[in-house]
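Presented below is the structure to which this report refers.
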Amino acid sequence: MIDRLTVERIKEASNIVDVVSEFVSLKKSGANYKGLCPFHDEKTPSFMVSPARGTCHCFGCGKGGNPVSFIMEHEQLTYPEALRWLAKKFGIEIQEREISDQERQEQNERESMFIVNEWAASYFEKMLHDDPDGVAIGMQYYRGRGFRDDVIRKFRLGFDGKDRHALAKQAKKEGYKADFILKTGICYQSDKGELIDRYSDRVVFPWIGLSGKVVGFSARVLDSRTKGVNQKYVNSPDSEIYHKERELFGIYQAKKAIAKEDRVYIVEGQTDVISMHQCGIENVVANSGTALSIHQIHMLHRFSSNITLLYDGDAAGIHAAMRGTDMLLSEGMNVKVLFLPDNEDPDSFARKHTAADFRQYIEEHQTDFVQFKTEILVNKAKDSQQRSEGIDSIVQSISVIPNQILRATYLHDTAQLIGMKEDTLISRMNTIIHERKENSGTPTAEVAKPVQAAVLDNVTRTNHVERLIAQLIVRKGEKVILKDVEDNDGNLINLTVAQFIYYNLATDNLKLQDALCATILEEATMHSGEPNFVAETYFVNHQDIEISKLASSLAVDKYALTQTKAPEVPLSEQEKALNEEQETEKLQQQALHLTLDIRMDIVQQKLEELKKEVVTAASDPQRMKEVMAEYQQMQHIRNELARQLGVKIK
């Protein structure tokens, strides 16, 4: 793992303008830079880069942050991967910290498997481009599918020769251990102990994970040999680094386009993905014949909530669309379905159309899941029984949608489509939800809603106030607002904004409940005495990426795009002193007001908790005594806060 000192060196060297300029054309705008946001389509630049703060922010979609968080978002990398990306760009040598023997063994084993897979992918690529059989057979196959050379390179397509021992011999010759050759699955062991090439005499499609590492392979027999072959494709077996139900073919090549287009197309096969990329539609992935898993859905949900299932219109395509719908809906995805014309699949259709034509066809023919199911299950039903079952299937699907308003909208649309009373559908859906609750033993959203709504209102208000406190600390946390305050030892000290808020809460043993806000408050308080401490700089470049992202967001002026800077007028020393005094007084009032608000919220929540404890402690006199004493103390604190805030207690 990367040691702390190296992380700090990477952050210090990472110039936000240089980093963003890799992906965005920036123009000077006063002290800042601006350009078109890389995270959403826009015609007027709203993406601002501040060299002074070392941050970027889009006033359209809200995305941005410091160099690390920007790279994480744009390149879809983990925190360590983003650090390594920046280190490479700015020429910083990575120093890894010491890890335990067990960590080292696990890390080494996984890394060794990735290294072997990377070697194998290069081996297959070299066979395709340099070996006579690869050029004559493998390349002939790919070009017969209409794949251009640049697309073949982009997806790292390869070919494996007929000699079933050649790959293992070459791997061992280059120093790769048989243990990892077997663990990755590129070879298997015969009864005689020989290493046999799993993919021999096939074209090879590497599966590349989100981070760009080769996780596995899928290999296909050539068209001339597919007749009568039971297994056209051979896939990597499950391993430490590859689980097919967790991977999506093309996700590495598609992730940026998915985020930018805010939609992902799911197709069935690898060639479908490649042909659509070549056509110009890049936000597409394939699950390659397996049912969509929860892991795959979660992966896609990181980039977009909108998904279109794009299949050919035969029975297999309809079945594939049906089996994933409910799981996608239950995870909050917006699902649409598109079937291509007869005798067409995404591969063949993409080869015949431009990207613009393909997109236009999608826009004109994709339907939401209600229309899809209505057409397949209701309109084509042969009798009343089938029609009833079809309607029930639609209501079942609607019932798993988490958003209550969206459920109601779909029920209304369904009633209109099938010509049935909406009340009937609502009644059936409530029955389904109730039965699901009974079977699972857990409350449904409807049953729990009144309680959840009450809690949510209180928590939402508390979270809002805590974010305002965090924002004040990030922007002005190091500013002194009280001077010559006497501490517990009789010493005179100065209090900063952060210290004032922290000690004010600590008087009654209160803490912020949001973990990130609490950390910001505690660390600002701890560092406030340091002579060069500037809260904004410290937190924007914080080692915890979540704190850094939050601080970057809080540091940005919401109205920075519309504000114009007034011409500076020289001030006298007296005027400067007066301005400073007014700013200090303003900060005092802000800190005091927010502190009183958050204390009141926390105390009110604590009183509610204690009321419940009174009931549970009824059979324990000693515990009841303790709870009542704490309750009275909280009441006293609440009454005093109400007096200071000027509010009446109901």
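The values are calculated or read from the model by the stated rules, or taken from the named source; none is laboratory data. The shown structure was predicted, so the numbers you read here are calculated from the model rather than taken from an experiment. Virtual Cβ from ideal backbone geometry, glycine too; neighbours counted across all protein chains shown. All accessible areas refer to the heavy atoms of the entire protein, side chains included, with ligands and DNA or RNA removed. Shrake-Rupley method; radii C 1.70, N 1.55, O 1.52, S 1.80 Å.
Here are the numbers:
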{"quantity": "Kirkwood hydrodynamic radius (C-alpha pairs) into Stokes-Einstein, the range 594-645, 20 °C and 1.002 mPa s, D in µm²/s", "calculated": "186 µm²/s"}
{"quantity": "Pairwise FRET efficiency - Glu42 versus Asn379, Cβ, R0 = 41 Å, nearest 0.05", "calculated": "0.50"}
{"quantity": "Ser122 versus Leu492: modelled label distance in nm, points set 7 Å from Cα along the beta carbon direction", "calculated": "7.0 nm"}
{"quantity": "Cα-centred dipole magnitude for the chain, charges only on beta-carbon of K, R (+1) and D, E (-1), debye, nearest 20", "calculated": "1240 debye"}
{"quantity": "Cα-based convex hull volume of the range 161-315 per residue, rounded to whole Å³", "calculated": "149 Å³"}
{"quantity": "Ranking by accessible area, most exposed first, for Met322, Met299 with a 1.4 Å probe", "calculated": "Met322, Met299"}
{"quantity": "³J(HN,Hα), Karplus 6.51/-1.76/1.60, whole Hz, each residue of the range 467-481, x for Gly, Pro", "calculated": "5, 5, 5, 4, 5, 4, 5, 4, 7, 9, x, 8, 6, 7, 10"}
{"quantity": "Cα-derived Rg to Rh of the range 226-287, Kirkwood definition", "calculated": "1.05"}
{"quantity": "Estimated distance in nm for a label pair at Asp18 and Arg4, the labels positioned 7 Å out from Cα along Cα-to-Cβ", "calculated": "2.6 nm"}
{"quantity": "Convex hull (Cα only) mean projected area of the chain, reported in nm² to one decimal", "calculated": "41.9 nm²"}
{"quantity": "Within the accessible area of the range 283-390 (1.4 Å probe), percent carbon and sulfur", "calculated": "46 percent"}
{"quantity": "Å² per residue, accessible surface of the chain at 1.4 Å", "calculated": "53 Å²"}
{"quantity": "Rounded FRET efficiency, nearest 0.05, which uses the C-beta distance separating Arg143 from Glu194 and R0 of 25 Å", "calculated": "0.15"}
{"quantity": "Sequence-separation-based contact order of the chain, relative, with Cα cut under 8 Å and 6+ spacing, percent", "calculated": "9 percent"}
{"quantity": "Net dipole in debye of the range 337-404 [+1 Lys, Arg Cβ; -1 Asp, Glu Cβ; about Cα centre; nearest 20]", "calculated": "80 debye"}
{"quantity": "Gain on full stretching of the segment that runs from Ser388 to Arg323 - 0.36 nm per residue minus C-alpha separation", "calculated": "21.5 nm"}
{"quantity": "Long-range HN-HN contacts of Leu482 with modeled amide H, under 5 Å", "calculated": "Leu495"}
{"quantity": "Volume per residue that the Cα convex hull of the range 325-369 spans, once the total is divided by residue count, Å³", "calculated": "92 Å³"}
{"quantity": "Two-site label geometry, Glu585 and Ser619: point separation in nm, points 7 Å out along Cα→Cβ", "calculated": "6.1 nm"}
{"quantity": "Equivalent ellipsoid semi-axes - Cα gyration tensor, the range 18-147, angstrom", "calculated": "38, 26, 12"}
{"quantity": "Packing-based order for 138-150, 373-385, 613-625, 115-127, using average beta carbon neighbours within 10 Å, highest first", "calculated": "115-127, 138-150, 373-385, 613-625"}
{"quantity": "Signed unit charges on C-beta, dipole axis of the chain, positive-most listed residue His636, Ala136, Ile71", "calculated": "Ala136"}
{"quantity": "Extended-chain gain in nm, criterion 0.36 nm per residue less alpha-carbon gap, Val480 and Lys611", "calculated": "43.2 nm"}
{"quantity": "Portion, in percent, of the accessible area of the range 234-281 that falls on carbon or sulfur, probe 1.4 Å", "calculated": "36 percent"}
{"quantity": "At R0 = 22 Å, FRET efficiency that the Cβ-Cβ distance of His165 and Asp133 yields, to 0.05", "calculated": "0.90"}
{"quantity": "Using alpha carbons only: equivalent-ellipsoid semi-axes of the range 121-238, gyration tensor based, whole Å", "calculated": "22, 17, 14"}
{"quantity": "Dipole-positive endmost among Ile258, Ser305, Ser384 within the chain (Cβ charges, Cα centre)", "calculated": "Ser384"}
